[in-house]
Each structure stands twice: as structure tokens, then as C-alpha cells.
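What follows is a short report on a single structure.
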Amino acid sequence: MSDAEPLLDVAGLRKLYPVGARDWRGAAASRLHAVDGVSLTIGRGETVGLVGESGCGKSTLVRLLTRLIDPSDGTIRFDGADVGTVPARRFGRVPQRAQIQMVFQDATDSLNPRFTAGRSIADPLMRLRGLSGAALRARIEEAARLTGLPPELLTRFPHQLSGGQKARVGIARAIAVEPKLLILDEPTSALDVSVQVVILQLLEDLKRRLNLSYLFVSHDLNVVRLLCDRILVMYLGRIVESGRAAEIFRAPAHPYTKALLSAVPTPGVSSRERRIALPGEPRSPVDPDPTICALYGRCPKGTERCRSEAPALREIAPGRYAACHFPYEGAVSSEPRLAVAGSR
Amino acid sequence: MNDAGTIVELRRGVRIDRGRTPLLAVDQLSLEFRTRSGIVRALENISFDLKRGETMALVGESGSGKSVTAYAIMGINDEAARVTGGSIVFGGLDLLSADRKTLDEIRGRELAIIFQNPRVALNPIRPIGQQIADVLLRHGNVTAREAPDRAIEMLAKVRIPDPKRRAAAYPFELSGGMCQRVMIALALACEPALLIADEPTTGLDITTQAVIMDLVAELAASQHMATLLITHDLGLASEYCDRIAVMHAGHIVEIARTADLFANPRHPYTAKLIAATPGGVDRLDALTSITGNLPDLRRNNLPPCRYSERCERRAADCAEPPLPRRALSDGHVLFCQHPLPEAP
């Protein structure tokens, strides 16, 4: 396959969960739209950030991509193969399983407390690669070396390791099977800033050396900005804005993105004056009305049109998408030479 | 000078002078934990004070003694903790020599705390309205008939939608942000003179964090309440606090007004901490890590400056006591033999 084809190509992905009362056939009357029509691509060697509040569907999306659960609708193409149709139950036996790996949020909780660091790294190698003996040992040591984990720590248990060392074990375990895509779920949120920097720089270095692609899920927009090429902003199961990280940070187009960015505390600068508050709570994800914008009611712009016509994700500038009838001007007209697609 | 109006008479003849300056004075506080593996010198000669209506942050890595300081003020440290020197005076009352019954009158009434994890701190089997009513009944001169309505008023004050209905809810029925609002309502029910907020927004979404912190700031301003914010996030501290005290390994290494601390950090550790915090920089390699780890506080041979073993500016005299206290203008204090030169 050509290199121009993205590593991961997801189209119209949905995950609906039945909720509430059931009728006499046992069918639920309502559906919770956890992921509602998400399309995204991740290029080879690209880092894509996924941001949004808790409950917006980030975790469900990640579980769909790692094929732990089955989608209700939509396609997932990974490295030229359709992996969306493989039932989650059987995905463990397909070769793509080793190529999509995950680094979890809390290194302490995601390591088996009764496994040594070396045994934790060995586990996926034995299961997915069938390695044993000297080959296994060599591969473990290689993974430890790549992640800067001193070999003498491989015999230690998680409780004997520091937070930063546990984070390294979590990363070593994920890269040991030579994946192409690494999904990082808040990999540094449990770490102190002093250690966080080292781990972020390690991730950046590994990406370059191993030619990995990252999907970086995080709350911390300051970190996302430093690590990601492109950003996807998610709200209520949908992507409401996407584009190059630098441009989104410079001039957010969607009101939700703007609110999210304005809430980020920046050291030494008070942002309270420029903050945009979103009053109230997100709308219910159960049977959402397809004709109302998901942000309607919290959005400072909310108009009659937002209530009667849900905005689709459209290209407002090359490579820049937003699901809003009234995107902020700066994002659209910053580069006047560009023809604005789909503008009114 | 005190005018009589600032003195609060509590039950059992306990008097707190809210108008006293400073409201809280922590002086040369030293505290250790006696554990099976040795004596942990958790705090050594901590001094700071807090005026009425002022907001100050204690910032540092995990293990630096931030929470131990907060718990020492509340008198809720573990049994193994022993104060070995210094004093904590709050509103004219020496908290360290006060007996349990005196403290019971003050805590929850004049001195309140918000804990990091609201879901754990709240009683899981009691409706939230009742939990607030409990505090009011214990401290607030409220009759059993009035208490439920006052509790609902408090829920409305922290902007919980539909407070009447929510008062009957249990903590598990509410989101993390809602639980933290309940925790704030609980802490502020009796309009305390001092609020200690121990990592109040860790684990919450960034937009929720902004809402919660704005709420605390707003209520603090309207009630002239002093706030001590415990956080590892320099960005958050700089956004909400008048002054910042930087802690490292049981010492306060530097205290300054927020703007001064960022414009002109003089302690090498403060400068490193600022340089490691994402937010101010555009590129990942512009962030620098802090080398080394916190020293083991069980050691007998801790140097006078506990940062010296990690410090790039270390010289021979750093190992010689005493650790010099340097007072600069405007309350800027630092403890260092070889401080950084003043920024131009």
C-alpha cells in the first residue's frame, strides 16, 4: 500500500447503547449515543490529539479503535485492512492486534502488582508474538533500553518503582510488540511536572525513532499543544472541530473549543478576564434530537437556526473543520488567500 | 488593633478573632512521622502567614509536604505525626495547644477544608442535603426545622441546578464536578474565616475546574474569606492566588507575590519548576526537566538545603548550616545560599 494512505481511517463510526425501559420483546426504547458519527484519519508518523470533557465519548472511541468493543455502525480501516468488521471477541487473534497498542492513564493501576516490570513487558510478547527464551529476553531488554528503563529494574515489582519508572514500564510494554499505532490515554496526568517533561520527551523521541503514530487523549491542553500535529475536539459523541494544533490554539473556530482553551490556566498569566464560561450541563446523550446543535443552550451564540438545524462538520478553511453555523472569524479569514469552502 | 465586631464567640467559651492580622500564622513548624522504617522529617521550619481575604497557594511536587501542612493546620494528620516545634496561631488561638473539644468548635465553622476526592470525602449513604444540614445543626445556630431549607439555599449558592430535588440525592448519583460543589457547600455552610482547598480540582475536567475555582474565588471575595490552595499546578496557582509558597522536601523554599514569583524567581528550584510547567512555551524541547529526586526524608544526614543535592548552583557552603533566609522587598522571601540573580 502507498504511504499516502492514512494508517487509520475511520468513517461514520457510531456506538449506541440501549438504555431505559424495555418493551415486551426486550428491546430498549432509548439509545445512548456514546459515539455518534465520528470520522477521522491518523497519518503515518502523525500525532493526533483527542480532547473533550469526561463523558464526551473519548473513552468509548478509544475502546472502539482498540477493538475492545464492536461498533454499531461505521468502518475502521487500519493499515489497509478493514478491522471494524472483526468481532471484538476474535480481534485478539488477528495480526492487527499487536499493531495497535495502548498506554494507560494510571501506570500504577494498569500494571499487574504481582508481575515484575520484566514480566509485564513479556506478557504481550508471549501472547501476541509467541516469543520465549532468549528471543523474549532480548526483546524485553531492547524495549527497556528504548524507554530508558535501567535493566536492573526489570526484576522489581510496581510498588518498588517510582511514578516515572512505572510510566516507562507501561510504554515499554506497549512498544515491545512493535506497534504502528500507539493510543495514549492521559499518559502523564498522574505524574509530577518534573517527571512529566521527561516522559513527554521520551514519547516524542520514540515516535521519531520507531516511526509510530500516536492518538493522544488528554485533558491537559497545554500538553496536547506541545505534542500533537493535529487536534480533534469532541463534544457529546461528535467531533466538533479538527485541524492543525497550532492553528486551533491560535484561533479556535468552534465556541466549545474556545471555551475549552480559555479555561486552560497558563502560568504567570491570568486568563480569568478572557474566559468564556459555558453555563449549565451538556445535553443528554440519550436519543439526542438530530435537529438541534449539541451545544445549544450552553453556547453564547445560540440562535434560532442552531435550534432547528444541527450544524454538520464542514471545512471552513483547508484542513480545518468545524461543526458550527457561526465559526469564529479569526479561524476562517486569517489567511485571506484561501477560498473558504462551504461558507455562506 | 481589633474592633469588637470581628471577634466570634463560639460555644464552650472559644473565641476567634477574625479581624486579627495575620489571620493565620504558621511559625517555624516542624513535624515528623514515626514509622517502622524510621523517622520521616516531613516538615522543617515552615513559616508563612495569611491575611483576611487573601488567597495563597502551596505548590510543590508530590511528597513535598503540602498536604501535611494543611492537615497540621486542621489537626487531622495521622497518629504517627508529631509536631516537634513551632506554632500555628489562627485568629488569636494557638491551634497546636488547643484541646480536642475546642478544635471541634472551630473546625467546620471557622476553619474548613475541601478534600481532593469529593466522592470519597462525602458520606456515601447520606443524602447530600442532610450532610449539609448536619454541619449547620452542629455549628450554625440553626433549628432542626430551618436546616433543610438552609441546606437547599447552600446548594443553590454553589449553583447546583434544581437544588430542592438534588438535596435528596446521594453522592453516587452526582458527577464529580457536582460532588465537588457539594463539598464546597459543606465547607462554606458556616461562612468560615479560612478555607483550605487541598487539590480541589484534580481529576475534574478543565472547564469544570474553571467553574469550581471561579466559584471558590467569588465566595471567598464576598465573605472576605482567606483561602489556602494546595496544588501541584503552578498555572492554577498563578491564576487564583495573590501569593505563592513553593515547597520542596518539607521546606518552603520561596514565597512571593504571584507576579514577582514568575517574573523574578530567585530560588533555583522555583525557576526549574516554572521551566518544567507546560503552558508558557510553544515547543516540547523548550521545557526542561528537574533532575534528581526528592531526598529520602528518613535520612539522618539531610543537608540544610534539601534541594542542594539536585541543584546546579550547589557550592561547598550549601552543606553548612544554617540555611540562610533572605528577605527581599514586598514580602519576597527565599531560603538559599546562592540565589539566582535578579531578573533585569
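The values are calculated or read from the model by the stated rules, or taken from the named source; none is laboratory data. Small disclaimer: the values here were computed from a predicted structure and weren't measured. Quick reminder, even Gly has a Cβ in these numbers, built from the backbone with ideal geometry, and neighbours come from all protein chains shown.
Details
- For the condition away from chain B (no Cβ under 12 Å), surrounded by 16 or more Cβ atoms within 10 Å (Cβ to Cβ) and either hydroxyl-bearing (Ser, Thr, Tyr) or touching a Pro at 6+ places or on another chain (Cβ under 9 Å) (or both), A:Ser284 does not qualify.
- From the list B:Asp214, B:Asp285, the one residue that fits, being under 30 Å from B:Ile106 (Cα atoms) and either aliphatic (A, V, I, L, M) or facing chain A (nearest Cβ under 8 Å) (or both), is B:Asp214.
- Some residue of segment B:191-198 being surrounded by fewer than 24 Cβ atoms within 10 Å (Cβ to Cβ) and among the small types (Gly, Ala, Ser): no
- Of the listed requirements (1) more than 26 Å from B:Gln209 (Cα to Cα); (2) modelled with pLDDT of 90 or more; (3) away from chain A (no Cβ under 14 Å), B:Ala226 misses just one: (1).
- Taking the conditions (1) buried (at least 18 other Cβ atoms within 10 Å of the Cβ); (2) more than 22 Å from B:Leu58 (Cα to Cα) in turn, B:Leu111 satisfies each one other than (2).
- Going through (1) closer than 30 Å to A:Asp229 by Cα; (2) surrounded by fewer than 21 Cβ atoms within 10 Å (Cβ to Cβ); (3) not β-branched (Val, Ile, Thr) one by one, B:Leu219 falls short only on (1).
- Residues in segment A:113-134 that are outside any helix (DSSP H, G or I) and of a type in the set (D, E, K, R): A:Arg114 only.
- Considering (1) within 12 Å of another protein chain (Cβ to nearest Cβ); (2) modelled with pLDDT of 90 or more, the lone condition that B:Gly280 does not fulfil carries the number (2).
- Qualifying position, being over 30 Å from A:Gly55 (Cα atoms), aliphatic (A, V, I, L, M) and either more than 10 Å from chain B (Cβ to nearest Cβ) or touching a residue at least 24 places away in the same chain (Cβ under 8 Å) (or both), among A:Ala167, A:Ala176, A:Ala190: A:Ala176
- Here B:Arg266 meets the list (1) within 14 Å of chain A (Cβ to nearest Cβ); (2) among the basic types (Lys, Arg); (3) in contact (Cβ under 8 Å) with a residue 60 or more places away in the chain almost entirely, failing just condition (1).
- Restricting segment A:143-161 to residues that are touching a residue at least 24 places away in the same chain (Cβ under 8 Å) and not aliphatic (A, V, I, L, M), the residue that is farthest from A:Gln105 (Cα to Cα): A:Thr155
- Of the residues making up segment B:102-138, those that are in contact (Cβ under 8 Å) with a residue 40 or more places away in the chain and within 21 Å of B:Arg18 (Cβ to Cβ) are B:Thr102, B:Glu105, B:Ile106, B:Gly108, B:Arg109, B:Glu110, B:Leu111, B:Ala112, B:Ile113, B:Ile114, B:Val135, B:Leu136.
- Taken together, the residues in segment B:153-189 that are in a loop (DSSP other than H, G, I, E, B) and of a type in the set (Phe, Trp, Tyr) amount to 1.
- In segment B:275-325, the residues that are in contact (Cβ under 8 Å) with a residue 40 or more places away in the chain, touching a strand residue (DSSP E or B) at 6+ places or on another chain (Cβ under 6 Å) and more than 30 Å from B:Ser37 (Cβ to Cβ): B:Gly279
- Taking the conditions (1) surrounded by 16 or more Cβ atoms within 10 Å (Cβ to Cβ); (2) β-branched (Val, Ile, Thr); (3) modelled with pLDDT of 95 or more in turn, B:Thr84 satisfies each one other than (1).
- Count - residues of segment A:120-157 that are closer than 12 Å to A:Ala176 by Cβ, within 28 Å of the chain's Cα centre (by Cα) and surrounded by fewer than 18 Cβ atoms within 10 Å (Cβ to Cβ): 6
- Residues of segment B:310-332 that are over 17 Å from B:Thr270 (Cβ atoms) and surrounded by 14 or more Cβ atoms within 10 Å (Cβ to Cβ): B:Ala319 alone.
- Within segment A:287-303, considering residues that are hydroxyl-bearing (Ser, Thr, Tyr) and under 24 Å from A:Val19 (Cα atoms), the one surrounded by the fewest Cβ atoms within 10 Å (Cβ to Cβ): A:Thr291
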